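Inspection log for the structure reproduced underneath, given as structure tokens.
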Amino acid sequence: MTKLFFSLTCLLFFVSLSAQHKDHKRDKKAALEELNLSEDQKQQFTDLRNNLKEDLSVLKSSEVSKEEKMSMHESLLADYRGELATFLSDAQLATIDRLYESRREKHADKMERRKDKAEELGLTDAQKEQLGAIKKKAAHEFEIIRNADLEKDEQREKLRLVKSQVDEDVKAVLTPSQYEVWASDRKKHRRSGR
């Protein structure tokens with residue numbers, strides 16, 4: 001049950017997050033198609049997903065302890081899991097589990113590569129902390145921009161400015177040799193479309 005609960009959580013995040021990569025939109029669409037939802041289920045799923053996203057956003061910005069956030073997060077997810085089970089079949093829930101496992105494996109691979117990269121760069125604990133803060137701030141700014149009612153060109157320009165600021169901030173944290181490796185990897189990552 002707990003595994004299914006967390007599977008649901010990750011799938012809901014997977015479906016609700018803004019597409020940062022070209023294949024992410026395709027994966028999201030394929031996941032929804034694979035669930036083979038009726039029109040009524042699609043509407044219920046969308047409403048549930050939007051409510052979850054809003055509630056988690058409020059929770060994320062709250063000023064409670066990490067332990068309290070985790071407890072509240074679990075409670076929210078249990079509530080949403082219960083609601084989801086009221087309109088999805090067992091087969092659809094099983095599909096969610098399978099999709100989650102695939103997504104979780106991809107995430108684990110990504111985290112392993114990130115750990116390897118930190119070791120390759122020889123980051124100090126202070127640098128890791130500073131880079132984490134830079135990433136968190138940028139993610140928050142990206143979310144605000146993506147959720148704002150902006151024209152595509154204006155949104156693209158604002159995102160470009162945030163990326164430029166991230167680059168400057170990272171450059172200030174890393175040594176010149178670390179930055180050279182980081183920048184090179186970032187260019188490779190962008191060219192590969194990830």
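The values are calculated or read from the model by the stated rules, or taken from the named source; none is laboratory data. Predicted model only: the values in this text are computed from it and were never measured. To get the accessible areas, we keep the full protein, side chains included, count just its heavy atoms, and leave off ligands, DNA and RNA. Shrake-Rupley method; radii C 1.70, N 1.55, O 1.52, S 1.80 Å.
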Full-stretch length increase - LYS137, ASP125 - with 0.36 nm per residue and alpha-carbon distance subtracted: 2.5 nm
Flagged links, alpha-carbon separation over 32 Å, of LYS66/LYS187; LYS42/LYS106; LYS69/LYS110; LYS69/LYS187: LYS66/LYS187; LYS69/LYS187
Per residue accessible area in Å² of the range 30-142, where ligands, DNA and RNA are left out and the probe is 1.4 Å: 68
Share of carbon and sulfur in the accessible heavy-atom surface of the range 49-183 [1.4 Å probe, %]: 51
For the range 24-117: rounded, prolate or oblate by the Cα gyration tensor [a/c cutoff 1.5]: oblate
